[in-house]
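The block underneath contains the structure these notes are about, expressed in structure tokens.
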Amino acid sequence: MLSVDSIQPLEDKIVSISRSAGSLTYPANFTLVASMDPCPRGFYSNPEKECTCSASMVTRYQKRISGPLLDRIDIQVEVPRIEFEKLSDDRAGEPSAVVRERVETARKLQRERFAGTSLHTNTDMGAGDIQKYCPVDAAGRGLLKTAMTQLHLSPRAYHRILKLARTIADLAGSETIEPPYLAEAIQYRPRRQV
Ligand SMILES: [Zn+2]
């Protein structure tokens with residue numbers, strides 16, 4: 001199991017190593033991308049093959065990822081098994097060049113937003129910056145309040161949702177964080193509660 005110490009780079013984007021001779025701090029700014037099976041045998045939530053794991057096996061397996069680590073993962077997406085028909089479908093999806101263009105436009109918006117500050121992208125925002133750059137209207141606030149209460153979200157999750165919704169709005173080319181962007185950010189929160 002990953003210990004709380006291994007969370008430091010995710011939170012502070014630095015890693016400190018302490019030895020008897022002293023301690024050293026290194027920059028550690030990275031994007032964590034990880035995947036795991038939903039249960040020990042991998043068939044949990046598979047519509048075609050029954051999962052034969054016991055409930056306690058599934059819980060024990062999923063708990064190998066600690067709550068504090070899970071709380072720092074902004075986007076959790078369940079990837080269902082791909083059916084043969086879809087795999088063999090030769091229709092082309094959205095080309096990478098188009099996606100790239102969208103990402104570059106969102107990045108440009110962020111450069112302009114943070115010009116003259118020490119911030120580069122939305123992820124760099126602290127609580128004060130979030131208040132300044134992520135204004136939410138009354139409908140959005142209502143949505144956040146419901147999510148916080150029903151999903152028992154931590155203050156950290158609240159800030160992370162706002163930053164992610166800011167990015168989703170940027171990708172859509174929207175100046176304001178509309179409720180649908182907040183709703184999308186909320187539904188990416190890890191399912192297992194911390
Ligand atoms: Zn299973």
Q: Please report, ordered by residue number, the helices (runs of 4 or more DSSP H) entirely within the range 46-112 with at least 1 residues that are more than 14 Å from the ligand (Cβ to nearest atom) and more than 23 Å from the chain's Cα centre (by Cα).
A: 84-87
**Q.** Residue match in the range 109-131 (condition: of a type in the set (A, V, I, L, M, F, W, C), exposed (fewer than 15 other Cβ atoms within 10 Å of the Cβ), over 18 Å from ILE161 (Cα atoms) and touching a residue at least 24 places away in the same chain (Cβ under 8 Å))
**A.** no
Q) So which residues in the range 31-45 are within 8 Å of the ligand (Cβ to nearest atom) and among the small types (Gly, Ala, Ser), if there are any at all? A) GLY42
Q: Determine which member of the set TYR44, TYR61 is closer than 17 Å to ARG191 by Cα and modelled with pLDDT of 90 or more.
A: TYR61
**Q.** the range 32-52: number of residues that are open to solvent by less than 100 Å² (accessible area, probe 1.4 Å) and of a type outside the set (A, V, I, L, M)
**A.** 10
Q) Mind checking which residues of the range 152-188 are open to solvent by 60 Å² or more (accessible area, probe 1.4 Å), touching a helix residue (DSSP H, G or I) at 6+ places or on another chain (Cβ under 7 Å) and closer than 16 Å to GLN76 by Cβ? A) GLU184
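The values are calculated or read from the model by the stated rules, or taken from the named source; none is laboratory data. For clarity, every value in this text was computed on a predicted model and none was experimentally measured. Positions of Cβ are generated from backbone atoms using ideal geometry, with glycine treated the same way; all protein chains shown enter the neighbour counts. Heavy atoms of the whole protein, side chains included, go into the accessibility calculation; ligands, DNA and RNA do not. Shrake-Rupley method; radii C 1.70, N 1.55, O 1.52, S 1.80 Å.
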